[in-house]
Structures are given as structure tokens and as C-alpha cells.
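Peer 1: Pasting a structure here, questions to come.
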Amino acid sequence: MHNEAKKVKDSLTYLTDLILPADTNHYGTVFGGKVMAYVDKIAGIAAMRHCRKPVVTASGDSLDFHAPIKSGEAINLEAFVTWAHKTSMVVYVKVEGENLMTGERRLTSEAYLTMIAVDEAGRPSPVPAIIPETELEISLYKRAEERYFDRKKQTK
């Protein structure tokens, strides 16, 4: 049924948008909160693709801003599920800024979000396991698993 293990690439999701002046602060760069909203949205889509169920955001393990994105540039996001445990999924999101005149792309943000699958009553619902294949997928899988167990130790 829905709980057969799935490959990372099955959840791969892309989103591109144009940063307009209304999306920016007084420096002409995108609001951090706007980037956070994009990150949360694409993480939700990737998680739903993985489990084919509604999801909610449980936590943002980290969101690191490396560089700004300016008005008139594109924001490019890539997300995929890196690890799954019972009802939760860790989603990695990479954000790039793109100068549409030169084609130059640069890493601007990275984030890890934990999403929980829910049933019709809003209760946590089982999700498929993940099958990492590439070196990057295996590395992210191992790191997500370590972070999960570290968080469990901190909450005890």
C-alpha cells in the first residue's frame, strides 16, 4: 500500500519565482520571512509526495541564510525527503538566487524541516521508509538520523 519504502527522488520538488519589490526590505533584498514561507511550502509538497498524505510542520531544525536575493532575481528552491521515521520525515531544502541577466546562481539558504503525516482526524500517520541512492542522499540520510536521535536525547 502506501507504506512501501520509496526513493528520495520520488519526493524531489522544485519551485522558482521572481522576487519583486514588494517581496523585499529597504535594502532591496528578499525578506527572510518570505524565504521561510517558500521553504515551508516546498517542504510540505515534498513530504506529501513521499507519503501521499496531509502533513504538518513539526520543526525547522535549521535555516541558514548564506547570501541575499535581490529584487529582479529568481529564487530557486529544491526539496526532497532525506529520512523518515514512523510518522515523521526530514526534508532538506536548498535555496538559490539567480541573476536572470547573467545566469549566475548562488546558494543563498539551506534548511532542514521535520514534517509529520496526519490522518483525517489530525493524528500522526505512518509514512514509508526512505531509500537513499546517491552519495549526497546517503550522507543527508545519516545526518538526519543522527539529528533525530540527538533531539530525542535532549527532550528526555
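The values are calculated or read from the model by the stated rules, or taken from the named source; none is laboratory data. Everything numeric in this text was worked out from a predicted model, so none of it was measured. When we count neighbours, we look across all protein chains shown, and the Cβ atoms used for this are built from the backbone with ideal geometry, even at glycine.
Peer 1: Quick check on my filter: what residues within the range 11-52 are surrounded by fewer than 13 Cβ atoms within 10 Å (Cβ to Cβ), touching a residue at least 12 places away in the same chain (Cβ under 8 Å) and aliphatic (A, V, I, L, M)?
Peer 2: Leu18, Leu20, listed by residue number.
Peer 1: Could you figure out which of (1) among the polar types (S, T, N, Q); (2) more than 27 Å from Met89 (Cα to Cα); (3) in contact with a strand residue (DSSP E or B) (Cβ under 6 Å, 6 or more places away or on another chain) isn't true of Ser59?
Peer 2: Result: Ser59 fails condition (2) only.
Peer 1: Is it the case that Val127 is crowded, with 19+ Cβ neighbours inside 10 Å, under 12 Å from Ala43 (Cβ atoms) and either touching a Pro at 6+ places or on another chain (Cβ under 7 Å) or β-branched (Val, Ile, Thr) (or both)? Break it down stepwise before answering.
Peer 2: Working: crowded, with 19+ Cβ neighbours inside 10 Å: yes; under 12 Å from Ala43 (Cβ atoms): no; either touching a Pro at 6+ places or on another chain (Cβ under 7 Å) or β-branched (Val, Ile, Thr) (or both): yes.
It is false that Val127 is crowded, with 19+ Cβ neighbours inside 10 Å, under 12 Å from Ala43 (Cβ atoms) and either touching a Pro at 6+ places or on another chain (Cβ under 7 Å) or β-branched (Val, Ile, Thr) (or both).
Peer 1: With the condition kept exactly as written, say whether any residue in the range 60-76 is surrounded by fewer than 17 Cβ atoms within 10 Å (Cβ to Cβ), modelled with pLDDT of 95 or more and closer than 24 Å to Pro128 by Cβ.
Peer 2: The answer is no; no qualifying residue exists.
Peer 1: Sort through Val91, Val81, Val55 and tell me the only one that's out of contact with any His (no Cβ under 9 Å at 6 or more places or on another chain), at pLDDT 95 or above and surrounded by 21 or more Cβ atoms within 10 Å (Cβ to Cβ).
Peer 2: Details: Val91 fails: out of contact with any His (no Cβ under 9 Å at 6 or more places or on another chain); Val81 fails: out of contact with any His (no Cβ under 9 Å at 6 or more places or on another chain).
Unique residue meeting the criteria: Val55.
Peer 1: Moving to a separate point now. Would it be correct to say that Ile116 is in contact with a Pro (Cβ under 6 Å, 6 or more places away or on another chain), at pLDDT 95 or above, hydrophobic (A, V, I, L, M, F, W, C) and surrounded by 20 or more Cβ atoms within 10 Å (Cβ to Cβ)? First the steps, then the outcome.
Peer 2: Numbers: in contact with a Pro (Cβ under 6 Å, 6 or more places away or on another chain): yes; at pLDDT 95 or above: yes; hydrophobic (A, V, I, L, M, F, W, C): yes; surrounded by 20 or more Cβ atoms within 10 Å (Cβ to Cβ): yes.
Judged against the criteria, Ile116 is a match.
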